[in-house]
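Worksheet for the structure shown next.
Read-outs: derived from the displayed coordinates by stated rules, not from any lab. Since the model is a prediction, treat every value here as computed from it, not as a measurement. Don't worry about glycine lacking a Cβ; one is built from the backbone with ideal geometry, like all the others, and counts go over all protein chains shown.
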Amino acid sequence: MSVLAWIIVGLIAGLIARALVPGEEPGGLLTDLVVGILGAIIGGWVFSAFGAAPATGLNLWSILVAIVGAVVLLFIYHAVAGRSARM
């Protein structure tokens, strides 16, 4: 994917994932962008492991893959951040 497509998909996925996952995340729009882009990478890896197509471009499938990955990333973040806050 082109850099612009990664940015657009990442931003959309990050915003949607933040709305889906309960809890407070630090940061703003830039954090959502990073979470979405990392989510696209994680989602692509997970979907490839199950034999499905990873993020392939600026389309609905890629946005769905990125959202799933971003949600997984936010759940992992909350598990780690919650654990370190209790210590």
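Applying both filters, DSSP loop and at most 11 other Cβ atoms within 10 Å, to the chymotrypsin sites (Phe, Trp or Tyr not before Pro) of the chain gives F50. Apply 1/(1 + (r/R0)^6) to the Cβ-Cβ distance of A53 and L30, taking R0 = 35 Å, and write down the FRET efficiency to the nearest 0.05. Taking R0 as 35 Å, the efficiency between A53 and L30 is 0.80. Is the C-alpha gyration tensor of region 4-65 telling us rounded, prolate or oblate? Criteria: a/c under 1.5 is rounded; beyond that, a/b larger than b/c is prolate, otherwise oblate. The shape class here is prolate. Inter-label distance, F75 to A19: 2.0 nm, where each label sits 7 Å from its Cα along the C-beta direction. Label-to-label distance, S2 versus L60, with points set 7 angstrom from Cα along the beta-carbon direction: 2.3 nm.
How would you rank V9, V35, V68, V46, going from fewest to most other Cβ atoms within 10 Å of each one's own Cβ? Before the final figure, lay out each step's value.
Numbers: V9 25, V35 28, V68 19, V46 15.
Ordered from fewest to most neighbouring Cβ atoms within 10 Å, V9, V35, V68, V46 come out as V46, V68, V9, V35.
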